Structure formats: C-alpha cells, structure tokens
Amino acid sequence: MKYKKHFEALMVLALSFIMAACSQSATPTSDTQTGEEIIVAYEDPEAEQFEDAIKDLPKEKQDELRLRRKAALALYPHLKLDGQEYRIDISAEEAAKLGVPDWIYEAVKRDLAETNKTIATMAAEGVELDLPDPEEIVKKMTPINK
C-alpha cells in the first residue's frame with residue numbers, strides 16, 4: 001500500500017537536503033568562503049526559485065545559503081541510491097578537491113543518515129517506497145560547459 005503523504009515527506013527529505021544543503025547543525029568555519037572555489041558540473045535547475053526564496057534574508061544568511069547550495073550541487077552527482085538507502089560516493093578529501101568545505105560535507109553525511117533512518121522506519125511500517133534514483137535525475141540536468 002502506498003501512502004502519498006509519507007512519500008512526499010520522504011522526497012522532501014531525500015532530495016531537498018542535498019540540493020539545499022541547509023543543515024541547521026552545520027556552521028561555517030570561515031567567514032571568507034564565497035563558493036567561487038567550488039566546482040559545479042551542472043546548472044542549478046531551481047536557481048530562480050532559490051534566489052526568490054532567500055531574497056528577504058539578511059545578506060550574510062543569503063551568502064551562507066548560496067555557499068551551501070553550490071556545494072550541494074557539486075556533491076549531487078555523487079549521490080547514489082543503493083537498494084533502499086542513499087549514500088554519497090565521494091570522500092571528504094575528494095569533495096575538498098571540488099572546493100566543498102568539510103563542514104558542508106559532514107552536514108550532508110549527517111542528513112543522509114537521517115534520511116536513511118526515515119526510509120528504514122517507513123519500510124518497517126509497511127510503507128511501499130518508490131525512491132527516486134539521483135543518477136537518473138543527474139542525466140536530466142544541464143551540464144555546465146566550461
């Protein structure tokens with residue numbers, strides 16, 4: 001039996017955490033990080049909506065959210081669905097080579113663990129899940145030509 005409410009909640013957890021990368025538990029280690037050093041291979045499919053959503057926030061918060069989002073976009077192609085569990089197939093060292101700050105990488109890992117915990121709980125309750133495969137989503141994203 002499928003539960004649309006549970007499925008929608010799960011999709012928010014499974015996809016928005018990596019695309020938005022806005023974990024409340026993570027804090028930047030440097031005030032000078034701008035995200036310019038982060039290497040992103042794909043265009044942000046929701047860039048306009050994102051900018052509209054943050055436009056009324058203080059500039060400092062906007063900058064932090066932009067940094068987190070850019071890092072999440074750099075990491076998204078490394079997000080994999082392995083059975084009923086999401087994982088990231090890039091090490092902290094490899095992520096650093098893409099310019100992703102360690103505190104964001106660690107926040108993403110924590111968010112993945114929470115998402116997987118929710119998936120397991122829902123599965124144990126008998127909820128049938130049709131989890132989206134990030135690799136299929138990446139195939140539909142527009143590469144950045146540099």
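The values are calculated or read from the model by the stated rules, or taken from the named source; none is laboratory data. All values derive from a computational prediction rather than experimental measurement. Here the Cβ is made from the backbone with ideal geometry for all residues, glycine too, and neighbour counts use every protein chain on show. Accessible surface areas use protein heavy atoms only, side chains included; no ligands, DNA or RNA. Shrake-Rupley method; radii C 1.70, N 1.55, O 1.52, S 1.80 Å.
If you project the alpha carbons of the stretch 77-146 onto their three principal axes, what span does each projection cover, largest first, in Å?
Result for the stretch 77-146: principal-axis Cα extents of 45, 28, 13 Å.
Taking the stretch 35-143, which trypsin sites (Lys or Arg not before Pro) meet the DSSP loop condition and have no more than 16 other C-beta atoms within 10 Å?
Within the stretch 35-143, the qualifying trypsin sites (Lys or Arg not before Pro) (loop, at most 16 other Cβ atoms within 10 Å) are K55.
Please find the FRET efficiency linking D89 to T118, where r is the Cβ-Cβ separation and R0 is fixed at 35 Å, and quote it to the nearest 0.05.
FRET efficiency, D89 to T118: 0.95.
Scan around I38 for amide H atoms under 5 Å from its own, H built in the peptide plane at 1.01 Å from N, and keep only partners 5 or more places away or cross-chain.
Here nothing satisfies the definition.
With respect to the cross-link table entries K80/K140; K80/K117; K117/K139, which display a Cα-Cα separation exceeding 22 Å?
K117/K139
When the accessible area of the stretch 62-146 is computed with all protein chains present and a 1.4 Å probe, what percentage of it is carbon and sulfur?
48
Give me the accessible area per residue for the stretch 103-146, probe 1.4 Å, as a whole number in Å².
Normalised by residue count, the accessible surface of the stretch 103-146 is 60 Å².
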